[in-house]
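Values quoted throughout were computed directly from the atomic coordinates according to the rules given, and no laboratory measurement underlies them. Since we're looking at a predicted model, the values are computed, not measured. Cβ: placed from backbone, ideal geometry, glycine included. Neighbour counts: every protein chain shown.
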Amino acid sequence: MRYFFSEKAVLKWLERPFVYHIRTDELYELDEASFDFLKKCVTEEGCPDTEREFIDYCLREGLLTARKTSVKHPPLIKSPVPSLRYLELQITDRCNLRCRHCYIDKRADGTHPAAGGPEGSELSTDQIRQILTEFEEMQGLRVMITGGEPLLHSNFEALNDMLPDFLIRKVLFTNGLLLNKDLLCRLNVGEIQISIDGLESGHDALRGTGTFKKAVNALRLAGERGFEVSVATMVHAKNLGEFEGMEKLFSELGIKDWTVDVPCRTGRLEHGSDFQVSPEVGGSYLRFGYGDGLHSGEKGYGCGLHLLSVMADGKVTKCTFYSDRPAGTVGEGLRRCWEKTAPVFLKDLACDCAHLEACRGGCRYRAELMGDPLGKDLYKCFFYDILENK
């Protein structure tokens with residue numbers, strides 16, 4: 001009997017050897033002997049039936065199969081340190097909404113992203129293929145396909161058709177308005193994240209009349225189609241009384257992850273004071289939400305340790321908020337840009353509370369907007385209820 005990698009598992013050589021289950025988003029650390037054994041399972045001949053207990057475990061976890069598969073595995077090349085695991089890929093800045101909190105207020109030339117017109121920045125399908133190839137070779141795990149509204153990319157069908165070529169987890173970030181049964185039947189992603197920023201009153205105040213019902217319908221359709229579905233919610237002044245209702249709704253819909261955060265006061269929100277919330281208020285709402293979230297970290301490092309963002313105009317930044325300070329462009333190559341992106345060390349921050357490792361210093365961009373790139377993210381401080389002791 002010979003065994004092979006399942007179609008949803010792949011070896012990853014990060015800081016240490018791992019096997020990654022793409023469907024469940026689970027990362028299993030390996031010792032040297034297990035790593036060497038699983039390397040044989042990637043080959044056309046597969047691995048022998050010599051490590052029965054280990055094989056049985058891998059079979060139960062869905063990592064191996066007795067059926068020969070035709071999946072072509074990417075090169076097993078040791079990743080940079082720290083490893084690039086998560087890629088935020090903004091394929092277009094066009095959007096069909098004008099949300100009051102959006103960080104994309106206007107482009108460098110002063111124009112606004114808009115649907116339906118020729119204006120707008122977007123990555124070409126050739127650029128996207130090259131980016132995903134480089135990301136996979138760097139042992140990347142998960143790509144978040146974002147916008148604007150990513151479904152407005154002028155060649156989304158071609159992009160969607162190329163996604164199965166890559167053994168990484170694909171997550172589509174969308175406002176849900178363009179999702180329908182026909183599109184869901186063709187989508188080659190493992191997870192769909194839809195933005196829900198309140199119940200009907202709060203959500204529509206931020207995103208436009210009628211958008212809540214359409215977004216919730218998209219949640220239901222995606223779940224019925226078998227996708228893992230997650231929700232992202234931003235705390236704002238007009239949804240503060242709606243979190244218990246959202247919690248009940250998302251539980252009933254079987255939502256996988258619910259991420260709750262406070263938007264940075266930038267872009268349109270910078271001028272939307274009626275939607276802004278103070279750290280004292282916003283921090284208390286960070287107790288809502290559940291699931292593992294999107295990004296893991298390491299002891300001693302701040303947020304975004306394993307994350308890189310590619311903008312629709314080809315700039316590469318440590319996250320989308322830093323688009324004005326790119327590390328480079330996609331033309332220079334993803335690895336070179338990653339090597340120019342310095343991690344944040346917790347020891348360098350002005351944070352010293354007992355929650356530092358769990359908090360990871362909060363959002364560095366929010367702290368910067370408060371006056372100090374190495375200072376405190378006060379929203380997180382109020383979440384942990386520590387400011388009265390400082």
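Regarding the stretch 241-390, what's the average projected area of the Cα-atom convex hull, expressed in nm²?
10.7 nm²
Along each of the three principal axes of the Cα atoms of the stretch 178-284, give the extent in whole Å, ordering the values from largest to smallest.
In descending order, the Cα extents are 42, 25, 22 Å.
Below 12 angstrom from the Cβ of Ile255, what's the summed charge of the other residues (Lys, Arg +1; Asp, Glu -1)?
Residues near Ile255 contribute -2 overall.
I'd like the per residue volume of the convex hull spanned by the Cα atoms of the stretch 344-390, given in cubic angstrom.
68 Å³
So for the stretch 86-342, Kirkwood radius off the Cα pairs, Stokes-Einstein at 10 °C and 1.306 mPa s: how many µm² s⁻¹?
85 µm²/s
Viscosity 1.306 mPa s, temperature 10 °C: Stokes-Einstein D of the stretch 227-297 from its Kirkwood Cα radius, in µm² per second?
Using the Kirkwood radius from Cα pairs, D works out to 121 µm²/s.
Based on DSSP H runs of at least 4 residues, each adding -39500 (n - 2.57), what is the mean residue ellipticity at 222 nm of the chain after dividing by all its residues, to the nearest 500 deg cm²/dmol?
Helix contribution divided over all residues of the chain: -7500 deg cm²/dmol.
Report the normalised scattering of the stretch 2-65 as log10 I(q)/I(0) at q = 0.14 Å⁻¹, calculated by the Debye formula with identical scatterers on the alpha carbons.
-0.33
How much of the DSSP beta bridge set in the chain is antiparallel, as a percent to the nearest 5?
Numbers: 20 of 47 bridges.
DSSP beta bridges in the chain are roughly 45 percent antiparallel.
Give me Ile55, Ile196, Ile145 ranked fewest to most by other Cβ atoms within 10 Å of their Cβ, as a rough exposure proxy. Let's see the in-between values first.
On the way: Ile55 20, Ile196 29, Ile145 26.
Taking fewest neighbouring Cβ atoms as first place, the list is Ile55, Ile145, Ile196.
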